[in-house]
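Note sheet for the following structure.
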Amino acid sequence: MSVTRLLVLTWAALLLLLALTVAASFLLVGPPSLAAGIGIAAAKAALIFWVFMHLREDTGLLRVVAIAAFAWLGILFALGGLAYLG
Amino acid sequence: MTESVSPYTDRRQRHAADMMGMYLFLGTEIMLFGGLFAAMALTRLQHPAEYVAHSRELHLWIGAWNTVILLTSSLFAALAVHAAREGAGRAAARWLGATAAFGLGFLALKATEYTLEFREGLLPVTGGDGALSEPVQRLFMHLYLVSTGLHAVHLTIGICVVTGLAWRLRRAESARAIPVEITGLYWHLIDVVWVFLYPVLYLAR
Amino acid sequence: MSTTAEPPAETEEERVSYFRSGTSLRSWLLTTDHKRIAILYLLSITFFFFVGGLAAALVRADLMTPAPDLMTNEGYNRAFSLHGIIMVWFFLIPSIPNTFGNFLIPLMIGARDVAFPRLNLLSWYIYMAGGLFALATLVLGGVDTGWTFYTPLSSMYANGSVVLVATAVFVTGFSSILTGLNFIVTIHKLRCPGMTWGRLPLFIWSHYATSIILVLATPVLAITLALIAAERLFGLGVFNPALGGDPLLFQHLFWFYSHPAVYIMVLPALGVISELVAASARKPVFGYEFVAGSSIAIAVIGFLVWGHHMFVSGQSVYASAIFSFLSLVVAVPSGIKVYNWTATLWKGHIALDPPFLFAMGFIGLFVVGGLTGLVLTMLAVDVHVHDTYFVVAHFHYIMVGGTVSAFFGALHFWWPKITGRLYPLAWGRVAALLIFIGFNLTFFPQFLLGYMGMPRRYHVYPPEFQVLNVLSSSGAGVLGAAYLLPFVYLLWSLRNGAPAGPNPWGATGLEWTVASPPPEHNFAEIPEVTRPPYDYEIERHDA
Ligand code: HEM
Ligand SMILES: [Cu+2]
């Protein structure tokens, strides 16, 4: 597959996911709605990182560097959430 | 003054260093916005019903179209990188120009949206907050304004950088790919931030 | 100590060193040489150390008597707030990394400079810009929030220039971020041939770990301070319960940064001590891999414990229990380091030189600070001593007893490398000893005071606490004098010290293979490393 084709297909997939998340907002409420919103956003972000930001070509080290901050935010949300919910 | 010496021994080493430096910088941006997302998450946790009600007051479709615009601009940025890697400087410049133009389009639509909200009395600024009746509504709109505002500031910086780069490459027969790649990374990250802002702010149900 | 009347002439090494590569002010202010930037930082943080020290002197003077006689309540609040803010962000955080880290990292890994030399200079300018905001705050009367800026005090009630000082800290934060980013890339990409990860000096490992924290934690502080400013300026509401917000969110965000930040302050010191211990014992560091790995472990686990500052804040008890447990876990890698240093020293060929004495002082004080941290993290005990002088003593043992001793240790160890001159060792020994004594005299009484129930941040106290407070304040006098002492003989050595030669301590490490002071571009030829780190044994057999 040519690079241009791959990029355009990724873009199409992103738009599809956007349509999906808007649709989900009309269909779901409460926690499922939140899960859908965040889940689909994460999928879009993954596509952008993987293809547009060429993580798929990068070395393992660069991949770790690129997504480390997300993992660290995970810590903030997990332990912070625990402090409020537990 | 002392002439500066390059710490690098070859170009590949330098490229790798630049890429890594940029990804680390993007990590700091993620953490920066992360603090705001934490504030939004907590607001939703503590006032779930109000949060959803006020999310419904935002212009969902304007947000959706703006997402389309921004995703498309990201495609252009990716195409610019591809062109630069192929050594096609002028093509890269054209794609960068398109990227910046769509970025401007996003800002224009965003400005229209703010104006609408101002008229509706939903914007927590002097003169535009007539319809903000309860505290959580005001808090929600504050968070909305701060986070989309911070995003817009980042986008504005991105537009300046992309435009400058396009200008430099406008007559280039070839292009060094690194500056385009680095700029592209920044642009895509702004896109990613919006990808999360959109459902969290506009689509809470 | 040589007492020749004539100061030694300028050496050939000095003539071609980084120090003489340009003499105009411009050549310093526009330099991209990591060694010169290190000097710029050294001068600036020394200045702020004095400003912060002056504020501390005011605080200790007021506490000599139980009555509020020296300052008003408001004045006292402003003095300790300024002391904390200046010391944490304008001295401790940049102290070791931005001076010794900047100077030594490229030299130690066999590189000509850091990965982004111009960014390095920018980092200093940003730091200075933040420093100007801090000084402006001082001139305008300061703030009374404490260094922790707790809401709703800072966001609603505090008088003074909160927004200005938040800006100061916000701005310097970006200097931290740039430095951390630069170090990470430098260590990954610019190691010379043969300098594998397993051969890196432990100083490098600990700066690598520090940089991870700088990059990942500092942005959270930045956004938190921005929110405080927005709260004060526009009534944002995120930290205000009356507006639907939550003041505890501030504490979570602040400590998500600030607990890791305490490791920003101590990890570089741990790296310095590993170097000093190995050089003093003339032995390889025992369990090198564990000491290196423990730095990384501290950086990562350090992000999981912030809730131990919030045990009495009303957070969930389950969260408290988990935070308490994780805080015990984070002590393990610190313990590993102490055990390995001890094992390194065992049967070592120890010379009682100043760097060694500072290292010993560090280890003793760090152990006390760390162990009292464990005491504090026991949930039930913390309810009793939270916000008392016990906490103040705990963190000063680590941050001042530990890090500042390590800073002086580093200064005494690498001074000959940086300046090319030797200083009088005897005076160095005296300073190390005085600092240790003065420190303990100042802060040990505070453990007792805290345990007896004296709260922090008050300048009026029951008369029965006076004896311990007077002890503490006198100790502070000794400590202050002891800190001034090195300035005298180190500055003296600049002109009068004997030329040091490349390796006065007979230490291993690439920085000791170049001239003292190092030439402008560090290495005429990029070196190649073929030996393991700290291979003192081999040297001895060769000799
Ligand atoms: C062995 C690991 C450590 C543990 C378990 C620990 C535990 C604690 C606990 C539980 C507190 C809160 C006390 C309270 O306010 O009630 C505390 C406060 C503090 N610790 Fe530690 N600590 C450790 C290491 C360190 C290190 C290495 C540093 C500095 C380099 C440090 C600096 C501080 C500071 C600055 C505070 C007080 C902040 C404030 O309230 O102003 N700690 N520590
Ligand atoms: Cu802590």
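The values are calculated or read from the model by the stated rules, or taken from the named source; none is laboratory data. All values derive from a computational prediction rather than experimental measurement. In this analysis, Cβ positions are derived from the backbone assuming ideal geometry, glycine residues included, and neighbour counts consider all displayed protein chains.
What's the number of the condition C:Phe408 fails, among (1) over 23 Å from the mean Cα position of the chain (by Cα); (2) away from ligand 2 (no atom under 14 Å from the Cβ); (3) not polar (S, T, N, Q)?
Looking at each condition in turn, C:Phe408 falls short on (1).
Taking helices (runs of 4 or more DSSP H) that fall entirely within the stretch C:1-74, which contain at least 2 residues that are surrounded by 14 or more Cβ atoms within 10 Å (Cβ to Cβ), at pLDDT below 95 and within 14 Å of chain B (Cβ to nearest Cβ)?
Numbers: elements: C:12-15, C:25-29, C:34-62.
By residue number, C:25-29.
Out of (1) away from chain C (no Cβ under 14 Å); (2) buried (at least 17 other Cβ atoms within 10 Å of the Cβ); (3) aliphatic (A, V, I, L, M), what's the single condition that is false for A:Leu82?
Failing condition for A:Leu82: (1).
Could you look through the stretch C:114-141, keep only residues that are crowded, with 23+ Cβ neighbours inside 10 Å and within 14 Å of another protein chain (Cβ to nearest Cβ), and pick out the one that is nearest to C:Val185 (Cα to Cα)?
Within the stretch C:114-141, the match that is nearest to C:Val185 (Cα to Cα) is C:Ala115.
Do the conditions hold for B:Leu58, that is, is it outside any loop (DSSP other than H, G, I, E, B), within 12 Å of chain A (Cβ to nearest Cβ) and touching a residue at least 40 places away in the same chain (Cβ under 8 Å)?
Working: outside any loop (DSSP other than H, G, I, E, B): no; within 12 Å of chain A (Cβ to nearest Cβ): yes; touching a residue at least 40 places away in the same chain (Cβ under 8 Å): yes.
No.
Any idea which of (1) part of a helix (DSSP H, G or I); (2) over 24 Å from the mean Cα position of the chain (by Cα); (3) away from ligand 1 (no atom under 15 Å from the Cβ) is the one C:His349 doesn't satisfy?
Failing condition for C:His349: (1).
Looking only at the stretch B:61-83, count every residue that is more than 9 Å from every other protein chain (Cβ to nearest Cβ) and aromatic (Phe, Trp, Tyr) and tell me the total.
Adding up the residues that qualify gives 2.
Do we find that C:Phe325 is of a type in the set (A, V, I, L, M, F, W, C), over 20 Å from the mean Cα position of the chain (by Cα), within 16 Å of ligand 2 (Cβ to nearest atom) and assigned to a helix (DSSP H, G or I) in this structure?
Yes; evaluated as a whole, the condition is true for this residue.
C:Val277 is checked against (1) in contact with a His (Cβ under 7 Å, 6 or more places away or on another chain); (2) more than 16 Å from ligand 2 (Cβ to nearest atom) and fails just one. What number does that condition carry?
Unmet for C:Val277, out of (1) in contact with a His (Cβ under 7 Å, 6 or more places away or on another chain); (2) more than 16 Å from ligand 2 (Cβ to nearest atom): (1).
Yes or no, residue by residue, for (1) touching a Leu at 6+ places or on another chain (Cβ under 6 Å); (2) surrounded by 19 or more Cβ atoms within 10 Å (Cβ to Cβ); (3) closer than 17 Å to B:Val195 by Cα; (4) not basic (Lys, Arg):
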| residue | (1), (2), (3), (4) |
| --- | --- |
| B:Ala17 | no, yes, no, yes |
| B:Ile30 | no, yes, yes, yes |
| B:Ser73 | no, yes, yes, yes |
| B:Ala80 | yes, yes, no, yes |
| B:Ala84 | no, yes, no, yes |
| B:Gly89 | yes, yes, no, yes |
| B:Ala108 | no, no, no, yes |
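Would you mind stating whether C:Leu243 is more than 29 Å from C:Phe413 (Cα to Cα), more than 14 Å from chain A (Cβ to nearest Cβ) and more than 14 Å from ligand 2 (Cβ to nearest atom)?
Yes; evaluated as a whole, the condition is true for this residue.
So, of the residues in the stretch A:50-79 that are more than 7 Å from every other protein chain (Cβ to nearest Cβ) and touching a helix residue (DSSP H, G or I) at 6+ places or on another chain (Cβ under 6 Å), which turns out to be nearest to C:Leu181 (Cα to Cα)?
For the stretch A:50-79, the residue satisfying everything is A:Arg63.
Going through the stretch C:288-309 one residue at a time, which ones are in contact with a helix residue (DSSP H, G or I) (Cβ under 6 Å, 6 or more places away or on another chain) and within 10 Å of chain A (Cβ to nearest Cβ)? So that I can check it myself, show each step before the final result.
Of the residues in the stretch C:288-309, the ones in contact with a helix residue (DSSP H, G or I) (Cβ under 6 Å, 6 or more places away or on another chain) are C:290-292, C:294-299, C:301-309.
Across the stretch C:288-309, the qualifying residues are C:Phe303, C:Leu304, C:Val305, C:Trp306, C:Gly307.
Output yes when any residue across the stretch B:43-53 is more than 9 Å from every other protein chain (Cβ to nearest Cβ), surrounded by 20 or more Cβ atoms within 10 Å (Cβ to Cβ) and assigned to a helix (DSSP H, G or I), and no when none is.
We begin by selecting, within the stretch B:43-53, every residue more than 9 Å from every other protein chain (Cβ to nearest Cβ); these are B:49, B:51, B:53.
Imposing the further condition that a residue be surrounded by 20 or more Cβ atoms within 10 Å (Cβ to Cβ) reduces the set to B:51.
From what's left, assigned to a helix (DSSP H, G or I): B:51.
Yes, because at least one residue in the stretch B:43-53 is more than 9 Å from every other protein chain (Cβ to nearest Cβ), surrounded by 20 or more Cβ atoms within 10 Å (Cβ to Cβ) and assigned to a helix (DSSP H, G or I).
Being over 19 Å from C:Ala292 (Cα atoms) and within 8 Å of ligand 1 (Cβ to nearest atom) is the filter here, so list the residues in the stretch C:256-271 that pass it.
C:Ser258, C:His259
Kindly indicate which of C:Ser320, C:Ser313 is outside any loop (DSSP other than H, G, I, E, B), of a type outside the set (Phe, Trp, Tyr) and within 16 Å of ligand 1 (Cβ to nearest atom).
Working: C:Ser313 fails: outside any loop (DSSP other than H, G, I, E, B).
When all the criteria are applied, what remains is C:Ser320.
Restricting the search to the stretch A:1-39, which residues are β-branched (Val, Ile, Thr) and under 20 Å from B:His59 (Cα atoms)?
Residues of the stretch A:1-39 β-branched (Val, Ile, Thr): A:3-4, A:8, A:10, A:21-22, A:29, A:38.
Those that are β-branched (Val, Ile, Thr) and under 20 Å from B:His59 (Cα atoms): A:Thr21, A:Val22, A:Val29, A:Ile38.
Could you figure out which of (1) buried (at least 23 other Cβ atoms within 10 Å of the Cβ); (2) assigned to a loop (DSSP other than H, G, I, E, B) isn't true of C:Pro284?
Going through the list (1) buried (at least 23 other Cβ atoms within 10 Å of the Cβ); (2) assigned to a loop (DSSP other than H, G, I, E, B), C:Pro284 breaks only (1).
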